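Take a look at the structure set out below.
The values are calculated or read from the model by the stated rules, or taken from the named source; none is laboratory data. Just so it is clear, the model here is predicted, and its values are computed rather than measured. Positions of Cβ are backbone-derived with ideal geometry, glycine not excepted, and every protein chain shown enters the neighbour counts.
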Ligand code: GCU
């Protein structure tokens, strides 16, 4: 009762006490829903962690029915002289078959040459097709619906490399990382009509998962990220024990969910993932649950709509999503002019997830100052890292360099 009144007061005033180190109003990391304190790694892994995972699956991202999928790989193209000879470019078609249906996804890879292999790999989905991530003319164009050019939605040569600033392949390769990307539309086309062509009809055929708890776009994207790991486990040049998962914005939401649910990702990076990503819903700044469900009704499980204008009824908040990444290193990046993604809410969640890291004897995010750290001042001493890049909603070379600095700590 007491808690309920506090929750109402908080939601009316719009003030949240979730961040700082006080977690008032936010569900605690180390306490089950029944109020049982969790004090050991074993209890966390056997009781609380599965409880949280299940809540995010049923209430937010959707339940993976665990369908057995037969996957095959075909190298469509490979060239050892890419990026001026620094890398091998490879394009792999993955074909997934289940329940009499088939879907494909094309992975673009740049693998550093002349270094000891296997190499660590950075993986992330892209928004516009692989061909938009680089001006490299050998990168194959997708024949799927793409968001640009608007209204045409077919890839155009003039849009090659349109998102290249977000994919500094050459720099990553110089730093010893392979980079892999897949168009998100290969798993679920980012629009209201996306379901039929997505991987979901294939995965849910004959499934008993209730409609309200089924995955939509973000769940399908996360599923796809795990399929990339399946490939890394087979590719000799790549080190499947050193995988950095990185996602920006809506694809950062998908990356966090994939990183939370699939422990094969070694380092998880959220860049400007905002609402239903790293940002605390209870902070109620920027985009809220109602807005995201209204504008993107095809992203999350239908159950999530129960929390429209009702954030305090959520049995979880996003710090618990981050806590699921523990004990693996986690990096949350925000941008100063990205209020829509709520940097304070992202920072708050990154701090609050620390209890899970402490349990493993690891270092949470430390910050003794008031409010957010200054711009371009990465906090990377602990196993949960954070930075507030100066500038707008985007992923830039600055962000990539910081994420690679962080991953280097663990991989070198
Ligand atoms: C919109 C949406 C965000 C999302 C962003 C993006 O702004 O409201 O939730 O993160 O698009 O993907 O760039």
Considering residues of the stretch 207-225 that are under 18 Å from the mean Cα position of the chain (by Cα) and either part of a loop (DSSP other than H, G, I, E, B) or outside the structural domain of residue 333 (by TED's automatic domain parsing) (or both) only, the residue surrounded by the fewest Cβ atoms within 10 Å (Cβ to Cβ): 216
Residue check, residue 286 surrounded by fewer than 24 Cβ atoms within 10 Å (Cβ to Cβ) and more than 17 Å from residue 216 (Cβ to Cβ): yes
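Is one or more of the residues making up the stretch 355-370 within 18 Å of the chain's Cα centre (by Cα) and part of a loop (DSSP other than H, G, I, E, B)?
no
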Hits in the stretch 323-346 - residues which are closer than 22 Å to residue 29 by Cα and in contact with a strand residue (DSSP E or B) (Cβ under 6 Å, 6 or more places away or on another chain): 325, 329, 330, 331, 332, 333, 342, 343, 345, 346
Residue selected from the stretch 368-395 under the condition surrounded by fewer than 17 Cβ atoms within 10 Å (Cβ to Cβ) and within 16 Å of the ligand (Cβ to nearest atom), by the criterion farthest from residue 252 (Cα to Cα): 391
Members of the stretch 115-126 found to be out of contact with any helix residue (DSSP H, G or I) (no Cβ under 8 Å at 6 or more places or on another chain) and in contact (Cβ under 8 Å) with a residue 24 or more places away in the chain, listed by number: 115, 117, 118, 119
Top-ranked residue of the stretch 29-44 - restricted to ones that are assigned to a helix (DSSP H, G or I) and under 15 Å from residue 353 (Cα atoms), ranked as nearest to the chain's Cα centre (by Cα): 44
Qualifying residues in the stretch 226-240 (those that are in contact with a strand residue (DSSP E or B) (Cβ under 6 Å, 6 or more places away or on another chain) and part of a strand (DSSP E or B)) - the one surrounded by the most Cβ atoms within 10 Å (Cβ to Cβ): 238
